[in-house]
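The values are calculated or read from the model by the stated rules, or taken from the named source; none is laboratory data. Note that the structure is predicted; figures quoted are calculated from it, not measured. Backbone-built Cβ (ideal geometry, glycine too); neighbour counts: all protein chains shown. Side chains included, ligands, DNA and RNA excluded: accessible areas come from the protein's heavy atoms. Shrake-Rupley method; radii C 1.70, N 1.55, O 1.52, S 1.80 Å.
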Amino acid sequence: MNQQQIRRFWLTWAIICLYNMALAQPPRGPLVVSPQVNADKTVTFRYQAPQAKSVELSAQFEKGPVPMAKDAQGIWSVTVGPVKPDIYPYNFRVDGISVMDPANVAFFPNERFKASLVDVPGDQPLIHAMRDVPHGSINYEYYPSMEGTTGSLVVYTPPGYDQKSKQKYPVYYLISGTTDTEETFFKVGKTNLILDNLLAEGKVNPMIIVMPYGNIAARVAEQKGGSKPADPTVRDGADAVKRANDFATDLVSNVIPYVEATYRAIPNRENRAIGGFSRGGGQTLRTAFSNMDKFAWVCAYSSYLSPQEMDGNFSQIVAKPDQTNKQLKLLWVSVGSDDFLYKGTVEFMDYLKAKKVNYKSLITDGGHTWMNVKTYVAATTPLLFQP
């Protein structure tokens with residue numbers, strides 16, 4: 001092979017390599033910035049889809065879908081607002097199909113839907129904002145769980161945990177709602193930042209927060225090669241109660257021992273709290289009322305138990321209210337006035353009041369949202385582990 005043939009060979013090989021590399025790259029187009037939060041609290045959303053016939057914005061701060069307009073480059077956009085400062089889920093509907101925002105790395109961890117997140121900052125930093133304060137750590141943990149499966153946890157440790165090697169801490173077990181994952185209180189609820197900021201203000205005691213995955217049945221099915229079961233259709237039906245009891249068993253028998261063996265946790269009921277949102281709130285109440293020797297602090301966010309279930313399964317809680325009030329250092333119930341669980345939650349409060357069981361409550365504006373959950377976390381954590 002002469003020099004000219006060698007050069008042709010290497011040139012051909014280089015062209016083939018470059019061609020294959022080009023095929024391996026994702027499609028490229030104009031740079032899309034989305035979401036863009038503007039100084040006046042309006043927000044601009046953009047989505048590149050040159051071939052799409054229609055694109056709409058669906059956002060939790062809007063009452064319905066908002067049409068977007070396409071420019072010459074095939075980028076659809078719309079500016080909405082001003083938007084009240086907070087963190088909101090949103091997505092796009094592209095020719096009727098819901099999709100996440102590919103230009104945005106922030107997303108809502110959930111089993112059923114995949115939404116992106118937009119953070120509209122306040123003129124003054126909100127309680128969940130990233131501030132220049134000491135920060136705790138987030139750890140991902142795996143533990144031996146039910147039926148030979150491996151469970152997953154997200155664990156927050158407060159600032160200074162690693163340096164204060166002899167200090168032990170109380171633990172708040174915090175459970176997400178239906179279809180949420182163990183990451184939701186972290187990535188959407190910003191619980192770690194809320195605690196960092198409250199600690200910096202001297203408003204809370206340092207604590208470990210453990211965020212477990214609430215859907216035991218789905219995890220067992222996934223790890224054993226089965227199909228994920230549908231969610232219970234009745235909140236206090238037999239299937240829902242069984243699943244809540246399975247969660248309680250897993251938390252008490254597996255999660256707590258793992259946490260107390262792995263972290264410097266104070267291992268007694270006075271230094272254990274449990275709380276949750278929606279389904280996680282129902283799991284909280286059922287777990288706590290079934291294990292009064294394990295938890296002294298109980299927080300139910302947008303959740304309740306019916307009078308029938310209380311009378312049937314937890315009569316000991318209301319039969320001796322003086323004893324219950326002595327055992328529980330805090331029983332908290334909160335809900336939004338537009339929440340679809342508002343009626344049942346208020347009935348639960350009225351039931352507790354009639355039975356002379358002490359509780360603290362907070363009714364906010366808004367619905368069944370993580371905007372409200374952040375408010376409840378910020379309101380309750382200062383009350384936990386107080387003398």
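Report, by residue number, each residue of the range 54-108 that is in a strand (DSSP E or B), open to solvent by 50 Å² or more (accessible area, probe 1.4 Å), without any contact (Cβ under 8 Å) to a residue 40 or more places away in the chain and closer than 24 Å to ASP180 by Cβ. Selection gives ARG93, ILE97.
The single residue among ARG112, ARG131 that is within 25 Å of THR381 (Cα to Cα) and among the basic types (Lys, Arg) turns out to be ARG131. When PRO206 is tested against (1) at pLDDT below 95; (2) part of a loop (DSSP other than H, G, I, E, B); (3) crowded, with 17+ Cβ neighbours inside 10 Å, just one condition goes unmet, and that condition is (1). Taken together, the criteria exclude LYS343 from residues that are basic (Lys, Arg), buried (at least 19 other Cβ atoms within 10 Å of the Cβ) and more than 23 Å from SER290 (Cβ to Cβ). The set of residues in the range 362-387 that are open to solvent by 20 Å² or more (accessible area, probe 1.4 Å) and either within 23 Å of PRO170 (Cα to Cα) or acidic (Asp, Glu) (or both) comprises ASP365, THR375, ALA378, ALA379, PRO382, LEU383, PHE385, GLN386, PRO387. If only residues of the range 131-158 that are at pLDDT below 95, of a type outside the set (Asp, Glu) and not in a strand (DSSP E or B) are counted, the one that is nearest to GLY225 (Cα to Cα) is THR149. One residue stands out in the range 102-120 among those that are at pLDDT 95 or above and of a type outside the set (A, V, I, L, M, F, W, C): the one that is nearest to ASP86 (Cα to Cα), namely ASP119. Quick check on my filter: what residues within the range 235-244 are in contact with a helix residue (DSSP H, G or I) (Cβ under 7 Å, 6 or more places away or on another chain), open to solvent by 10 Å² or more (accessible area, probe 1.4 Å) and part of a helix (DSSP H, G or I)? Listed by number, the list holds a single entry, ARG243.
Every listed requirement among (1) within 21 Å of the chain's Cα centre (by Cα); (2) without any contact (Cβ under 8 Å) to a residue 40 or more places away in the chain; (3) more than 16 Å from SER303 (Cα to Cα); (4) part of a loop (DSSP other than H, G, I, E, B) is met by GLY189 save one, (2).
If you check LEU251, LEU331 for being open to solvent by less than 10 Å² (accessible area, probe 1.4 Å) and either over 25 Å from THR364 (Cβ atoms) or under 19 Å from the mean Cα position of the chain (by Cα) (or both), only one passes: LEU251. Name the pairs whose Cβ atoms lie under 8 Å apart, with the first residue in the range 257-274 and open to solvent by less than 50 Å² (accessible area, probe 1.4 Å), the second assigned to a helix (DSSP H, G or I) and among the hydroxyl-bearing types (Ser, Thr, Tyr), and 6 or more positions between them or separate chains? The qualifying pairs are ILE274/THR284; ILE274/THR287.
Applying the set (1) part of a helix (DSSP H, G or I); (2) among the basic types (Lys, Arg); (3) modelled with pLDDT of 95 or more to LYS41 leaves exactly one unmet item: (1).
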